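Only one structure is covered here, and it is reproduced in the block below.
Taken together, the values in this text are just the output of simple stated rules run on the coordinates, not laboratory data. Everything quoted here is computed from the prediction, not taken from an experiment. Note that each Cβ is placed from the backbone with ideal geometry, even for glycine, and that neighbours are counted across all protein chains shown.
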Amino acid sequence: MKDASANNSAAPGPLTASGPSASPSWNILKKCLLVDGALVIIMALLAFIFSDTHGVISVLFGSLLVIAFFGLSLLVGHLFSKRMPEAVMGIFVMTYFVKVVGFAAVMFALGTPAWLNKPWFAGAAVVAVLAWQATEIAIFIKQRFLLFDESAVVASPRGEVSDGSEKKDPPHV
């Protein structure tokens, strides 16, 4: 007896292998901005309800500062992954250094303005960091990376797969 429902679930033709994600850094950046943007709106509304305009401005400043510095490395990674893929890890390290030094420079240069509501600023920054990191990790583990060049793999007439690097013995006469 044949299961008639199996026909609808089977693929109509041969399956093809999917390639790597088109732009991993850009995908991660977009989703992180979406999640953090939604949280910024929620935190700003909460600050408006439970505080004053200084609380709202502090929430916006704290979370947007985090978003700007975290988004910097993903944006730079996206821009350089196409041009110099071999240098992306070094560029990520450099942008991390820029983020740490830049964040500290902004905080020291700004000091503590009179309008800054410290609890709302710190809370918004912590929530933005945690949400950004959680989203970045969740999206990163779903990305596909091409580990080797499949076009370099050549099948022999006997069906054996090789990368074409083996030396062939000369024919014996």
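Quick look at the values:
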quantity	calculated
Cβ pairs under 6 Å, 6+ apart, first in the stretch 117-134 and touching a residue at least 12 places away in the same chain (Cβ under 8 Å) and assigned to a helix (DSSP H, G or I), second surrounded by 19 or more Cβ atoms within 10 Å (Cβ to Cβ) and among the β-branched types (Val, Ile, Thr)	Trp120/Val59; Ala124/Val59; Ala125/Val66; Ala128/Val66; Val129/Val66
Residues being among the charged types (D, E, K, R) and either outside any helix (DSSP H, G or I) or closer than 14 Å to Ser63 by Cβ (or both) - total across the stretch 24-45	1
Verdict on Val66 being within 18 Å of the chain's Cα centre (by Cα) and in contact (Cβ under 8 Å) with a residue 60 or more places away in the chain	yes
Residue count for the stretch 83-116, restricted to those that are free of Cβ contacts under 8 Å to residues at least 12 places away in the same chain and outside any helix (DSSP H, G or I)	5
